[in-house]
Amino acid sequence: MKPFTYERAKSPGEAAASAARLTDAKFIAGGTNLLDLMKLQIETPSHLIDVNGLSLDKIELTPQGGLRIGALVRNTDLAADPRVRKDYGVLSRALLAGASGQLRNKATTAGNLLQRTRCPYFYDSNQACNKRQPGSGCAAIGGFSRQHAVIGASEACIATHPSDMAVAMRALDATVETVSPDGSARNIPIADVHRLPGDTPEIETSLKPGELITAVTLPKPVGGTQIYRKVRDRASYAFALVSVAAIVQRDGIGRVALGGVAHKPWRVEAAEAEMPRGARAVATRLLDGARPTRENAFKLRLVERTLGDVLMEAKG
Amino acid sequence: MADVSAPAPGMPVTAKVSFTVNGAAHELDVDTRTTLLDALRERLHLTGTKKGCDHGQCGACTVMVDGRRINSCLTLAVMHEGGSITTIEGLGTPEQMHPMQTAFVKHDGYQCGYCTPGQICSAVAVLAEIKAGIPSHVTGDLNAPPQLTNAELRERMSGNICRCGAYSNIAEAIAEVAGRAA
């Protein structure tokens, strides 16, 4: 690790202002992804702002009947919350499908959203990576790309977003609350938090420098059968090849978001009208415009089959 | 501890941190880069906690902080001001072993033993997590308390890798302490 100075922030506004003062400061909460990357010198902040003391660790009912999840709520606590288990089952299931017990005890809600890709070429500093070193190229294109994105990728980057939680939150229409260095707050629909890579894969979210996530809000429960199905190379403790977050109502209509296929949780609202017509119709619409590599073209069929399994389970 | 700012660029930065380990209070002056794992091993000489991958993938460094198991390699010592840390040395001693340690010996839940302290810390925490009603990936009904099944124990232990492959004996040991057959 490169040396860094360290401070404990006393308020969200102070943390954001402190981050804006230095160009290479980083917030640290759970630290499970950031410290991993700092050890490899892929992340080299000169200053860490520890936000763990900010009391953003509560899950509260909103006046609209939804839930406001503090940025520091640990993955374990969010998955185990009785309200989440009862009314937002897809979120509990997604969280429990991710990482290990030890990591979920530390990883936070905001940190999970902001975790970086596990593309092996991003992690290997001997390889070209436009995300790690803009302009250096993308070794994943033409490389071992079995795990990579099949849709929404670019000539600059074919990395995927690794989160399970974010996929469920996309299906649940969550909103991300932030505070900026000037003290102003804003709400960002989860669909607009993560970006597609385009020509600037190093810019992964719509957050501005110094902007700090303070909470994630879920709208009031929408009911339905909620399922998170993750397909991976091991039964536990592995990232998704493909995952499906689904909320299916009694009439067969609902919502579907995909993980493991793109640079962000992948949802196409127009595809959801196809749900009563079955998995193939939905998958065709969801993956319209997909450009897989030779190695990951299997993901297209895997999405359809996983979706088929999910829709069958939802029917009961 | 003092908040540190404006050091010379690239120079190591130190900071003070106080926490208790196995009930004993410690105050350390550490390089801010020091992980909790390195503080335990290199500064406090509690070498029961092992460094395996040093990237949160193997679980050999598992300890309990404020009652919850974490990977001590993926957290900084300075982030644990006022924290209460339990390592394998705090669970039991050769003279007075923790029931989980006794069960690992009885069921031969290891070969080389390197992953064992992490396995045992994790296993003790797993039983507490099930008791606290925390669900897992294999829990059938999210709205009912999780059951003490072999599938539950195995899923919850997936963050602890045993390269010797002693998994079936580890599962037997945990099941015995949990009070049921694996």
Can you give the FRET efficiency for B:Cys112 and A:Ala128, using 1/(1 + (r/R0)^6), R0 = 30 Å, r = Cβ-Cβ distance, to the nearest 0.05?
-> 0.20
More than 33 Å apart - percent of Cα-Cα pairs taken over chain A | 22 percent
R0 of 60 Å, Cβ-Cβ distance A:Leu61-A:Arg305: FRET efficiency to nearest 0.05 = 0.95
Low-density loop trypsin sites (Lys or Arg not before Pro), the stretch A:220-316, at most 12 other Cβ within 10 Å, DSSP non-H/G/I/E/B, are A:Arg234, A:Arg250, A:Arg294
q = 0.12, 0.13, 0.18 Å⁻¹, chain B: log10 I(q)/I(0) [Debye, one scatterer per Cα] = -0.60, -0.68, -1.14
Descending semi-axes in whole angstrom, ellipsoid equivalent of the stretch A:1-114, from the Cα gyration tensor = 28, 18, 9
Compute the accessible area of each residue in the stretch A:81-109 twice, once for its chain alone and once with every protein chain present, using a 1.4 Å probe on heavy atoms, and list those whose area falls by at least 50 Å².
-> A:Arg85, A:Arg93, A:Leu96, A:Gln102, A:Asn105, A:Lys106
Diffusion coefficient in µm²/s returned for the stretch A:1-56 by Stokes-Einstein, Kirkwood Rh over C-alpha pairs, 10 °C and 1.306 mPa s, is 140 µm²/s
Chain A - accessible surface per residue (Å², probe 1.4 Å) | 40 Å²
Got a number for the accessible area of A:Val244? Probe 1.4 Å, square angstrom, nearest 10.
-> 0 Å²
For the stretch B:99-178, one quarter of the surface area of the C-alpha convex hull, expressed in nm², comes to 4.6 nm²
Once label points are set 7 Å from the Cα along Cα→Cβ at both B:Asp29 and B:Cys53, what is their separation, rounded to one decimal in nm?
-> 3.6 nm
Loop-only check: which trypsin sites (Lys or Arg not before Pro) in the stretch A:19-122 are DSSP coil with at most 13 other Cβ within 10 angstrom?
-> A:Lys58
Using a 1.4 angstrom probe on the protein heavy atoms only, line up B:Met100, B:Met11 by accessible area, largest first.
-> B:Met11, B:Met100
Spatial separation of Cα centroids for the stretch A:242-305 and the stretch B:134-182, in angstrom = 33 Å
Carbon-plus-sulfur fraction of the accessible area of the stretch B:99-178, 1.4 Å probe, in percent?
-> 56 percent
Expressed per residue, the solvent accessible area of chain B in Å² (1.4 Å probe) is about 43 Å²
Total accessible area buried between chains A and B, 1.4 Å probe, in Å² to the nearest 100?
-> 3700 Å²
Excluding ligands and nucleic acids, what accessible area in Å² is computed for A:Ser180 using a 1.4 Å probe, to the nearest 10?
-> 20 Å²
For A:Lys39, list the lysines whose Cα falls under 23 Å from its own Cα; do not include residues on the same chain fewer than 8 positions away.
-> A:Lys2, A:Lys26, A:Lys106, A:Lys131, B:Lys16, B:Lys50, B:Lys51
If you build the Cα gyration tensor of the stretch A:218-294 and take the root of 5 times each eigenvalue, what three semi-axes come out, in whole angstrom, biggest first?
-> 22, 17, 11
Leaving out ligands, DNA and RNA, what percent of the accessible area of chain A is carbon and sulfur, probe 1.4 Å?
-> 51 percent
Here D for the stretch B:3-91, in µm²/s, from Stokes-Einstein with a Kirkwood Rh over Cα pairs at 4 °C and 1.567 mPa s, works out to 98 µm²/s
Magnitude of the Cβ-charge dipole of the protein assembly as shown, K/R +1 and D/E -1, about the Cα centre, nearest 20 debye?
-> 1120 debye
For the stretch B:32-64 and the stretch A:132-208, compute the distance between their C-alpha centroids and round to whole Å.
-> 32 Å
1.4 Å probe, heavy atoms, protein only - residues of the stretch A:33-57 losing at least 40 Å² accessible area vs chain alone = A:Leu35, A:Asp36, A:Lys39
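The values are calculated or read from the model by the stated rules, or taken from the named source; none is laboratory data. Here the structure is a predicted model, which means the values were calculated and not measured. Note that we place each Cβ from the backbone using ideal geometry, even for glycine, and neighbour counts take in every protein chain shown. Only protein heavy atoms, including side chains, enter the accessible area calculation; ligands, DNA and RNA are left aside. Shrake-Rupley method; radii C 1.70, N 1.55, O 1.52, S 1.80 Å.
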